[in-house]
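Encoded as structure tokens, the structure appears first; notes follow it.
Derivation of every value follows stated rules applied to the coordinates shown; laboratory data play no part. This is a predicted model, so every value here is computed, not measured. Neighbour counts are summed over all protein chains in view; Cβ atoms, including those assigned to glycine, are modelled from backbone coordinates with ideal geometry.
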Amino acid sequence: EPFVADEYIERLAWRTPGGGSRGGEAFDPKRLLEEFVNHIQELQVMDERIQRKVEKLEQQCQKEAKEFAKKVQELQKSNQVAFQHFQELDEHISYVATKVCHLGDQLEGVNTPRQRAVEAQKLMKYFNEFLDGELKSDVFTNSEKIKEAADIIQKLHLIAQELPFDRFSEVKSKIASKYHDLECQLIQEFTSAQRRGEISRMREVAAVLLHFKGYSHCVDVYIKQCQEGAFLRNDVFEDAAILCQRVNKQVGEVFSNPETVLAKLIQNIFEVKLQSYVKDQLEEHRKSDAEQYLKNLYDLYTRTTNLSSKLMEFNLGTDKQTFLSKLIKSIFISYLENYIEVEIGYLKSRSAMILQRYYDSKNHQKRSIGTGGIQDLKERIRQRTNLPLGPSIDTHGETFLSQEVVVNLLQETKQAFERCHRLSDPSDLPKNAFRIFSMLVEFLCTEHIDYALETGLAGIPSSDSKNANLYFLDVVHQANTIFHLFDKQFNDHLMPLISSSPKLSECLQKKKDIIEQMEVKLDMGIDTLNCMIGQMKHILAAEQKKTDFKPEDENNVLIQYTNACVKVCGYVRKQVEKIRNSMDGKNVDTVLMELGVRFHRLIYEHLQQYSYSCMGGMLAICDVAEYRKCAKDFKIALVLQLFDTLHALCNLLVVAPDNLKQVCSGEQLANLDKNILHSFVQLRVDYRSARLARHFS
């Protein structure tokens, strides 16, 4: 522990008798002073003793340091001597190594010609045996030495090719015959080893055959035997993948060029097995069943490309991507060249059949309706002339739109887009996708939706028809739903195929034209609002009585609002709900605003036809209040404002003559034309009284 002087003194004083208040003893300063003096002396003695010990240790340390320094100097001298000896030894070793290398070069210079001479002598000996026509050497007669014999005959075969034919024709033929026999023996040995599964023997024989012309035949035999029993299941693609996986593990242990052998195996599988399989599957349906043909083509091409992706894992050389692409192209090129023509032809016939089957189920014969151009339609709407749809027809409540038909058409087109994406050349993909899209536009938008809109427009009854059924809103509702599905397929399946090509703008423009044409025809359906107003007129004419607003007994009126009001409001609420269900977005507000304004105009003009007693005016106010509640369902500010003003105008029918000017100057009526106010005051039965005329003038 570190030394603290204060604590040390405290402990010393505490131990000294009389040095503190311990045990009740009195404090004795003399004894404490005496104890301190004695303790100081002891400390001085101890300090002198320790100082002497320190001096002795310092002297000893200095002595040992001198001895250690002397020893280090001696070791440095010894190290320098050893380093000099090492340098001398290194120079001597380098000198000896140079001599040895020189001697080795001399020996090699002598030995190499000697070995060549010995080798040439042996070959001459074997060549003489072929000249004599009798092979006596053990290497040719012993079947176990076929490897050595192969090496010799291969060299003799090369030598024989350099000899003149006229002098050595016989010996050349003998060597060639032996060359051929040994080659056949080696291939037979390789085949037997492969059947036995002896990889090491296969590797030895393949290494010997590598220098023979028949090496490629050895590879062919290996490939042929690999495929024996490999294609026993129905799935030729899975069998091919398993076979290549197995061979890939083995081929590196057998051949010195495994990537070449494996590539040759894959080429053989594609050009023989797969090509024949694809041909059998496609030719069966090519002319008789376009649907099955396209399905098979898509399935086979997809499975082939998937197999190619699996084979990309193997080492097939430098450019395996191009190699596999060429193999796939060689199989399918004759089918892909005219793919899009088959696709378009099938899609056209299939779509026409789907539509015709639907119309047949409805016992409907499609009418030929001249539509004219978009600008012509717009001009007719602007002029509010009769539509060029021929005579009005009764659709019997049928919209001639079917979600089942639409789903079938979209499903066929979706599959066509998928096939187009897979089977089209990348350069032709946008063009082919556009052709498929054009088919969809023709049959879904033109032949189905557009025809239904035309038929619906032709079935709109005139405004003066009684009990008219307004089925056109059902057509609008279904057409709206169908077009959302069409738009979803456009974004999900067509856009990815054309997004980076010039065809994108062409497709968008075509889609825009379709939307514009349909919107024009939907705008034509505004005549449906005329029918609604006509129905309301019929209700009012049939239900509203003159006595409703001028009752014979003013004091005995029990109804809150008239029967005509109840029926009109009920009819309007149903139509508002139908419009909301049939349309979406801003179209709902636009149509409801138009209907609301016409509804207001109808009620306004209707009220102008009657004279009102005091109680009749109250009943008119109640009717208008109910109409205003109905107007709230429109959720259009302008419509509600119109009915609020109309309600305020009806107050003029019941207000006291003295208060007429005050009411007319109120917030809601102050900005109205005075003639309008006057026209409502004139409806009062007491208008002709001098008092009322005076107050209003």
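Quick notes on this one:
- R0 of 56 Å, Cβ-Cβ distance Phe490-Lys546: FRET efficiency to nearest 0.05: 0.45
- If R0 is taken as 35 Å, the Cβ-Cβ distance between Arg688 and His538 corresponds to a FRET efficiency of 0.60.
- Quotient of C-alpha Rg and 2.2 N^0.38 Å, computed over segment 543-693: 1.11
- Available extension along the chain between Lys295 and Ala656 is 121.5 nm, counting 0.36 nm per residue and deducting the alpha carbon span.
- Computed from the Cβ-Cβ distance with R0 of 51 Å, the FRET efficiency linking Val566 to Asp360 stands at 0.70.
- Sparse packing (at most 11 other Cβ atoms within 10 Å of the Cβ) combined with a DSSP loop state is found for the following GluC sites (Glu not before Pro) in segment 1-96: Glu25.
- Pairs beyond 25 Å (Cα-Cα), from Lys249/Lys320; Lys431/Lys521; Lys295/Lys329; Lys431/Lys512: Lys431/Lys521
- The overall shape of segment 399-550 is prolate: from the C-alpha gyration tensor, with semi-axes ordered a ≥ b ≥ c, the ratio a/c is 1.5 or greater and a/b exceeds b/c.
- Counting only residues at least eight positions apart within a chain, or on another chain, the aspartates and glutamates with an alpha carbon under 19 Å from that of Lys77 are Glu67, Glu88.
- With the simple model of a label 7 Å out from the Cα in the direction of the Cβ, Ile559 to Glu91 spans 14.1 nm.
- Stretchable slack from Gln403 to Ile9, in nm (0.36 nm times residue separation minus alpha-carbon distance): 131.0 nm
- Rg ratio (alpha-carbon, reference 2.2 N^0.38 Å) - segment 642-685: 1.01
- Taking 0.36 nm per residue of separation and subtracting the current Cα-Cα distance, fully stretching the chain between Arg196 and Asp584 would add 132.0 nm.
- Over the Cα atoms of segment 219-270, the radius of gyration divided by the Kirkwood radius equals 0.95; this is the Rg/Rh ratio.
- Quotient of the Cα radius of gyration of segment 301-361 and 2.2 N^0.38 Å, N being its number of residues: 1.80.
- Taking 23 Å as the limit for the C-alpha separation, the pairs Lys488/Lys510; Lys511/Lys578; Lys362/Lys574 exceed it in the case of Lys511/Lys578; Lys362/Lys574.
- Modelled this way, with points 7 Å down the Cα-to-C-beta line, the labels at Met46 and Lys287 are 12.6 nm from one another.
- Volume per residue of the C-alpha convex hull in segment 189-303, rounded to whole Å³: 103 Å³
- The tail of the calculated P(r) for segment 236-369 beyond 21 Å holds 53 percent of all Cα-Cα pairs.
- Restricting segment 504-553 to trypsin sites (Lys or Arg not before Pro) that sit in a DSSP loop and have at most 13 other Cβ atoms within 10 Å of their own Cβ leaves Lys545.
- Here each label is just a point 7 Å from Cα along the line to Cβ, and for Lys629 and Gln73 those points are 12.7 nm apart.
- Value in Å of the Kirkwood radius, where segment 41-107 supplies the Cα pairs that are averaged: 17.3 Å
- Under 5 Å between amide hydrogens, built in the peptide plane, is the criterion, and for Tyr612 it picks out Arg684, Val685 among residues at least 5 positions away or on other chains.
- Diffusion coefficient, µm² s⁻¹, Stokes-Einstein with Kirkwood Rh over alpha-carbon pairs of segment 589-658 at 37 °C and 0.692 mPa s: 264 µm²/s
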